[in-house]
Amino acid sequence: MELLIGLCNVGLDVLFQRWRLRAVPDIHHVGGPMDDLTCIVTGPTSGIGRETAASLCRNRAVVVLACRNQVKGSQLKEELEQEAKQEGRAVPKLEVAQLDVASLTSIRSFASQWGQRPLHVLINNAGLFTIGGAHCRTPDGFEMHMGTNYLGAFLLSLLLLPNLQQGAQSQPRFGARLILTASKMHELVRQVDTLRPAAKAKPEGSLMAYNHSKLAQVQFAAELRRRLKPGSNVGVCACNPGEAVTGIMRGHFLERAYQLLLTPILITPTQAARCPVFCASSPLSQIGDIEAPEEAYWESNCKPAGRNHAVRDEAAGSRLWLWSAEATGLDAAHDLRRC
Ligand SMILES: NC(=O)c1ccc[n+]([C@@H]2O[C@H](COP(=O)([O-])OP(=O)(O)OC[C@H]3O[C@@H](n4cnc5c(N)ncnc54)[C@H](OP(=O)(O)O)[C@@H]3O)[C@@H](O)[C@H]2O)c1
């Protein structure tokens, strides 16, 4: 029954999203200026991540393009510089860095190179959906969707949390932001099954594996809000960007069909970047009560979702946290409740 309701919700969202989002301003009018703010965008070389990074650039942030493929990263940097030139803007402040979020080693190396540098915005955008790929594993042995979309974002976020807290102190009016590009698809599962585990061994369908990873992102955002000290000024938001035609089917034999059939229905990557950009760059006063766990999940209309099972289930959030810390090898010092 719950699955049926979830399917109806997602189906209606897909069919009517263009109509539902008609009042959301275009990307040029979303968010605010970001002068002197440092942002990291993971997976900026395609789709929603590319448009998110481009928008933060236009808002004058220092944008670190955290890519698994540095050649693609350098090409993107040139493209964004070219766009700025054509639009008569100053040369954007862009950096390219190597990061494979499917590898815990790569994440640790990225965080250690980042060192003590303050950070204002971390956008965990990198992600994948692979049809028939649920049997694939990350280098650390996790199911590919869970390992890439969730565990990578979990570890990166916690390793960089001190930098975000430092950033928040240096910019008290803006604070800092930790964003996850989540998905409406998380509504198709009720609980992240860490016992099975969705993680290490047993293959499951790609769609379910993807949904579990997105539910984990949303529950993590709510749980992190519960664990952060009051007044930390770090806004944690899991954003549903909406359903967009992106590179997510790249290389698949159905790629062309996906583009032809869905382009008339779905939104563009630029439209899908609006919610993450809104949460990342708006003044603190516009992103709601950043300490309320129930406001951790944001809809594609740039508003916190009123009713969402994932953000309310404290027990599930706590279980997920402990499992994730153990899976990624974090020590107890990262269990913020015990700090
Ligand atoms: N499209 C939608 O309708 C939709 C809806 C809801 C949520 N989302 C979420 O939005 C995010 C972006 O997806 P998209 O639709 O824009 O897909 P996309 O066009 O395929 O972009 C995915 C990006 O993630 C990067 N990436 C993938 N695996 C990575 C890894 N292991 N390490 C580092 N980077 C990696 C890709 O890099 P390469 O260029 O090197 O492949 C690419 O830059 C994902 O988290 C997705 O789940 C998408």
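Can you tell me which residue is surrounded by the fewest Cβ atoms within 10 Å (Cβ to Cβ) among those in region 40-63 that are part of a strand (DSSP E or B) and more than 12 Å from the chain's Cα centre (by Cα)?
Looking only at region 40-63, we keep the residues that are part of a strand (DSSP E or B), and these are 40-42, 62-63.
After this cut, where a residue has to be more than 12 Å from the chain's Cα centre (by Cα) as well, the list is 62-63.
Numbers: Val62: 19, Val63: 29.
It comes out as Val62.
For region 218-234, does any single residue satisfy the condition of being in a strand (DSSP E or B) and either without any contact (Cβ under 8 Å) to a residue 60 or more places away in the chain or away from the ligand (no atom under 16 Å from the Cβ) (or both)?
Within region 218-234, one or more residues are in a strand (DSSP E or B) and either without any contact (Cβ under 8 Å) to a residue 60 or more places away in the chain or away from the ligand (no atom under 16 Å from the Cβ) (or both).
Give Leu260, Leu254 a once-over and let me know the one that is surrounded by fewer than 16 Cβ atoms within 10 Å (Cβ to Cβ) and free of Cβ contacts under 8 Å to residues at least 60 places away in the same chain.
Leu260
Taking the conditions exactly as written (more than 18 Å from Arg18 (Cβ to Cβ), under 16 Å from the mean Cα position of the chain (by Cα) and among the small types (Gly, Ala, Ser)), does Ala273 satisfy them or not? Steps first, please.
On the way: more than 18 Å from Arg18 (Cβ to Cβ): no; under 16 Å from the mean Cα position of the chain (by Cα): yes; among the small types (Gly, Ala, Ser): yes.
No; evaluated as a whole, the condition is false for this residue.
To keep it simple, each residue is scored yes or no on (1) in contact with a Gly (Cβ under 8 Å, 6 or more places away or on another chain); (2) closer than 23 Å to Tyr150 by Cα.
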residue	(1), (2)
Gly231	no, no
Ala244	yes, yes
Leu260	no, no
Ile265	no, no
Pro269	yes, yes
Cys275	yes, yes
Ala280	yes, yes
Gly288	no, no
Asn308	no, yes
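Please verify whether Ser281 is more than 22 Å from Ala216 (Cα to Cα), in contact with a Cys (Cβ under 9 Å, 6 or more places away or on another chain) and modelled with pLDDT of 95 or more, treating the condition exactly as stated.
Working: more than 22 Å from Ala216 (Cα to Cα): yes; in contact with a Cys (Cβ under 9 Å, 6 or more places away or on another chain): yes; modelled with pLDDT of 95 or more: yes.
Considered against the rule, which asks whether it is more than 22 Å from Ala216 (Cα to Cα), in contact with a Cys (Cβ under 9 Å, 6 or more places away or on another chain) and modelled with pLDDT of 95 or more, Ser281 comes out as yes.
How many residues does region 235-270 contain that are under 19 Å from the mean Cα position of the chain (by Cα) and either within 12 Å of the ligand (Cβ to nearest atom) or assigned to a loop (DSSP other than H, G, I, E, B) (or both)?
To start, the set of residues in region 235-270 that are under 19 Å from the mean Cα position of the chain (by Cα) comprises 235-249, 267-270.
Now drop any that are not either within 12 Å of the ligand (Cβ to nearest atom) or assigned to a loop (DSSP other than H, G, I, E, B) (or both), which leaves 238-249, 267-270.
Going through region 235-270 one residue at a time, the tally reaches 16.
Is it fair to say Ile248 is closer than 22 Å to Ser157 by Cα and in contact (Cβ under 8 Å) with a residue 40 or more places away in the chain?
Numbers: closer than 22 Å to Ser157 by Cα: no; in contact (Cβ under 8 Å) with a residue 40 or more places away in the chain: yes.
When the stated conditions are applied, Ile248 does not pass them.
Here is a check on your reading of the model: is Gly127 surrounded by 24 or more Cβ atoms within 10 Å (Cβ to Cβ) and touching a helix residue (DSSP H, G or I) at 6+ places or on another chain (Cβ under 9 Å)?
Yes: the conditions hold for Gly127.
Looking for whichever is within 30 Å of Pro304 (Cα to Cα), surrounded by fewer than 16 Cβ atoms within 10 Å (Cβ to Cβ) and basic (Lys, Arg) here; the options are Arg89, Arg108, Arg173, Arg177. Which one fits?
Arg173
The values are calculated or read from the model by the stated rules, or taken from the named source; none is laboratory data. Fair warning: this is a prediction, and the values are worked out from it, not measured in the lab. Backbone-built Cβ (ideal geometry, glycine too); neighbour counts: all protein chains shown.
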